[in-house]
Amino acid sequence: MRSLGSLSVAVLAFASLAFAASTPAAAQTQSTSAVAQTPPMGWNSWNFFFGKVTDKDIRDSADQIVATGMRDAGYVYVNIDDTWEGDRDASGVLHTNAKFPDMKALADYVHSKGLKLGIYSGPGPKTCAGYAGSLDHEVQDAQLYASWGVDYLKYDLCSYGTNMATLAPNDKAAQMRLMIAAYDKMGKALRATGRPIVYSFCQYGMDAVWEWAPAIGGNLWRTTGDVQPNWGSIYAIISQQEGLRKYSGPGHWNDPDMLEVGNGKLTLAENRAHFTMWAMLAAPLLAGNDLPNMKPEIKDILTNRDVIAIDQDKLGQQASRIYSDGEVDVWTRPLAGGAMAVVVLNAGHDRYSTHPFHLDLAKLGLHGTQTGKDLWTGKTVELTDNMPIELVSHDVLLVRIAAPK
């Protein structure tokens, strides 16, 4: 991850002033008030299909989101990632490729299921997979997306990094200004369509994006590199969210990347911990698994209403890691109505590396016995000071305390 330190403050001021000066007040607030008041929930094609995704895959996935109960649990966005793009015609209008013969018809189908359609592009000449990007066609593309009925845009930096380096060689501050301007340009184009479209920045957390993205209409922004379906990647990303709580809230969210629940060789405990921590972080919940072949235990994780309620809590405050003891981390998240969520996470590799862990309630600002609900078992639990908690490797205890003392 690159960071420009104190330069980011100056560039943030530049971005905020430029945005305010060039955009009507009503339009400035559309992106952060009309959409994404809670973290977006849905499914994205990349983690399972990669570049092989087709129109049929998206239709089938929409069907499965409904059939599995995921829609009713809150998953509404069906997002097409890279490789849908074809060529531009003589007028610069972008056409889809043979895999997606009629994007408007696809959007209509997704909408008919009570779902919303997302799409993918980037500010450079090419996408990550080498398809047509939006450089110099931002207004044209935004209007095209709106005409199709698109509800969500993931905007991936990719080849624009080369443009930045070419236009401003060895000048990091100038490169940062170029990046902000590129994301701002598409943001303005989206707002000008009049259609509420979630705007997702995918530029891997570079240059403290959380400091300037809200000012130019970002609804969510990646905070790190790509997540992988292994515990090392997932835990590293969890740890990198420390210190970002103040940048997250209704309309604008830190994004630690899409969910890998159900992918790779993650254990059941790792899938549960992954989902728990994304919920605690008020992260967008974008599944990316094989929906038709989803195992019952994975569906149970992805549709756990109590855990989803933590993610979607109206207060919109991200969790903080309060303390670590050996290989065990303790995080808390304040919730609407004065409630609190507490997570104990065993990050160690030994099966019982907690041996056991003893919870220090005072470090959480709590005093006396706390009565709560274990959100994975559904049982009422009591947390007492110095109580032993033993968890298997990479598992979690998640407790919601309605009235913390």
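Bear in mind that the values in this text are calculations on the coordinates, not laboratory data. Note that the coordinates shown come from a computational prediction; the quantities given were computed from them, not determined experimentally. Don't worry about glycine lacking a Cβ; one is built from the backbone with ideal geometry, like all the others, and counts go over all protein chains shown.
Among residues other than VAL381 with Cβ under 12 Å from its Cβ, the summed charge is +1 (Lys and Arg +1, Asp and Glu -1). Restricted to Cα atoms, region 54-95 shows a radius of gyration and a Dmax of 14.6, 44 angstrom.
Rg/Rh for the chain (Cα atoms only, Rh after Kirkwood) is 0.98. Work out, in µm²/s and without decimals, the Stokes-Einstein translational diffusion coefficient of region 91-168 at 20 °C, 1.002 mPa s, Rh from Kirkwood over C-alpha pairs. Roughly 160 µm²/s, to the nearest whole number. Computed over the chain, relative contact order equals 15 percent, with contacts defined as Cα pairs under 8 Å that lie 6+ residues apart.
Per-residue Cβ neighbour counts within 10 Å put GLU242, GLU85 in the sequence GLU242, GLU85, beginning with the fewest. Sorted into 5 angstrom bins from 0, the C-alpha pair distances of region 259-405 split as 2, 10, 20, 23, 21, 14, 7, 3, 1, 0 percent. Projecting the alpha carbon convex hull of region 186-292 along each direction and taking the average yields 7.6 nm². Applying a 4.7 Å Cβ-Cβ cutoff to the chain, the cysteines left without a disulfide-compatible partner are CYS202. Each principal axis of region 320-401 carries a Cα extent, and these read 38, 25, 21 Å when sorted largest first. Of interest is the spacing of the C-alpha centroids, which for region 274-335 and region 120-150 amounts to 31 Å.
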